[in-house]
Amino acid sequence: MSDLIWGQVFWGVAQAGALTTRRVISTYGPKPNWDHLLEKKLLREVQTNYGAVLTLGQTARAAFHLTPPPREMGYIPYVAGPNAVADRAYLLDAIALLEARGYKVAYHVYKRAGKVGGAARRGVKVTDQIVRTVMRAPETKMSRLQALYGKGEPPPLYYQLGKTPEVLGHVSLYATISSAGIKLAQLRRLYKRHERDLDKWHGPLLIAVPEEGDLGGYVRLVEAQYRANIERLVKEGLTPERPIQPRIKLLTLPLPERRA
């Protein structure tokens, strides 16, 4: 039984890049069942502002450097520093929250590689750092959107060519916690960046935050201004009357309570 649990925990963390210790305990059982992986440095526990996070340890990294993991295990991302592992774990918790509501991951958008670093040495164009994740809306909502706006989705080949189009029902999720979460100035920039994309998604920009804070007031202002504008356009006959979709959705994913 121990070997089975060890394997499940090890590959679960390896494929994810980073998972909080509390999530691993919730999924696979108490820490004594698998802490052998920490003792052997197959996994490493990093203390972050998002609590304890597990990622691959030195022994596993060295082994994978000599012998790549089995192909059926998929790509193993390189996530190492405290900020990187905290952000990855936070993003995956936000994704899990949305998946419980019926959303599905469509694809990730990664940070472009610089002229130095591991990605540059491997000759790839992007790093393993996820900038945003595109989530497909729940099927019931997709059906309603398609009834209103048509299919709106490009063929699979479009994605295979490496393009990342903005399409109906595919909304972007941003989730970072390394600097205590997304602040108001960053939210303003993200909204400005995606303001036109929202009219293609017909769904909200998803933002995971540890607490609503002053972001809530900004979101309410954006929603009120947008609603007033649409109602004016409908009244003037410049646009058909359709359901008004929210512009920004805050997902509250709080930090763990600190022990005294």
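The values are calculated or read from the model by the stated rules, or taken from the named source; none is laboratory data. Remember, predicted model here, so these are calculated numbers, not experimental data. Neighbour counts are summed over all protein chains in view; Cβ atoms, including those assigned to glycine, are modelled from backbone coordinates with ideal geometry. Areas reflect the complete protein model, heavy atoms only, side chains present, ligands, DNA and RNA absent. Shrake-Rupley method; radii C 1.70, N 1.55, O 1.52, S 1.80 Å.
If I filter the range 214-228 down to residues being touching a residue at least 12 places away in the same chain (Cβ under 8 Å) and over 17 Å from Ile244 (Cβ atoms), which single residue comes out as surrounded by the fewest Cβ atoms within 10 Å (Cβ to Cβ)?
Asp214
Output yes when any residue across the range 125-141 is surrounded by fewer than 13 Cβ atoms within 10 Å (Cβ to Cβ) and either at pLDDT below 90 or in contact with a Phe, Trp or Tyr (Cβ under 6 Å, 6 or more places away or on another chain) (or both), and no when none is.
yes
Consider the range 1-22. How many of its residues are open to solvent by less than 60 Å² (accessible area, probe 1.4 Å) and under 17 Å from Leu255 (Cα atoms)?
The number of residues fulfilling the criteria is 4.
Could you list, in sequence order, the residues of the range 53-67 that are within 21 Å of Leu92 (Cα to Cα) and of a type in the set (Val, Ile, Thr)?
Result: Val53, Thr55.
Just checking: which of the helices (runs of 4 or more DSSP H) contained wholly in the range 1-97 hold 2 or more residues that are within 23 Å of Ser178 (Cα to Cα) and under 25 Å from the mean Cα position of the chain (by Cα)?
Ranges flagged: 2-16, 21-28.
When you scan the range 13-35, how many residues do you find that are under 20 Å from Ala84 (Cβ atoms) and touching a Phe, Trp or Tyr at 6+ places or on another chain (Cβ under 7 Å)?
So the first thing to find is which residues in the range 13-35 are under 20 Å from Ala84 (Cβ atoms), and the list is 13-24.
Now narrow it down to the ones that are touching a Phe, Trp or Tyr at 6+ places or on another chain (Cβ under 7 Å): 20.
Qualifying residue count for the region: 1.
Looking only at the range 183-197, which residues are in a helix (DSSP H, G or I) and either surrounded by fewer than 15 Cβ atoms within 10 Å (Cβ to Cβ) or modelled with pLDDT under 95 (or both)?
Keep residues of the range 183-197 that are in a helix (DSSP H, G or I), which gives 184-194.
Hits for the range 183-197 are Leu184, Ala185, Arg188, Arg189, Lys192, Arg193.
Given the conditions (1) surrounded by 19 or more Cβ atoms within 10 Å (Cβ to Cβ); (2) at pLDDT 95 or above; (3) in contact with a strand residue (DSSP E or B) (Cβ under 7 Å, 6 or more places away or on another chain), and given that Leu97 satisfies all but one, which numbered condition is not satisfied?
Only one criterion in (1) surrounded by 19 or more Cβ atoms within 10 Å (Cβ to Cβ); (2) at pLDDT 95 or above; (3) in contact with a strand residue (DSSP E or B) (Cβ under 7 Å, 6 or more places away or on another chain) is unmet by Leu97, namely (1).
Exactly one of these conditions fails for Ile25: (1) among the aliphatic types (A, V, I, L, M); (2) in contact (Cβ under 8 Å) with a residue 12 or more places away in the chain; (3) open to solvent by 50 Å² or more (accessible area, probe 1.4 Å). Give me its number.
Of the numbered conditions (1) among the aliphatic types (A, V, I, L, M); (2) in contact (Cβ under 8 Å) with a residue 12 or more places away in the chain; (3) open to solvent by 50 Å² or more (accessible area, probe 1.4 Å), the odd one out for Ile25 is (2).
How many of the residues in the range 226-254 are part of a helix (DSSP H, G or I) and either within 25 Å of Met135 (Cβ to Cβ) or within 28 Å of the chain's Cα centre (by Cα) (or both)?
Of all residues in the range 226-254, those part of a helix (DSSP H, G or I) come to 226-235.
After this cut, where a residue has to be either within 25 Å of Met135 (Cβ to Cβ) or within 28 Å of the chain's Cα centre (by Cα) (or both) as well, the list is 226-227, 230.
Summing the residues that are part of a helix (DSSP H, G or I) and either within 25 Å of Met135 (Cβ to Cβ) or within 28 Å of the chain's Cα centre (by Cα) (or both) in the range 226-254 gives 3.
Residues of the range 37-74 being surrounded by fewer than 14 Cβ atoms within 10 Å (Cβ to Cβ) and in contact (Cβ under 8 Å) with a residue 60 or more places away in the chain, which ones?
Within the range 37-74, just Met73 meets the criteria.
Go through the range 1-22 and give me each residue that's polar (S, T, N, Q), in contact (Cβ under 8 Å) with a residue 24 or more places away in the chain and within 25 Å of Asp128 (Cα to Cα).
Answer for the range 1-22, where residues must be polar (S, T, N, Q), in contact (Cβ under 8 Å) with a residue 24 or more places away in the chain and within 25 Å of Asp128 (Cα to Cα): Gln15, Thr20, Thr21.
Working only within the range 159-182, note down all residues that are among the polar types (S, T, N, Q), under 20 Å from Tyr107 (Cα atoms) and open to solvent by 60 Å² or more (accessible area, probe 1.4 Å).
Gln160, Thr164
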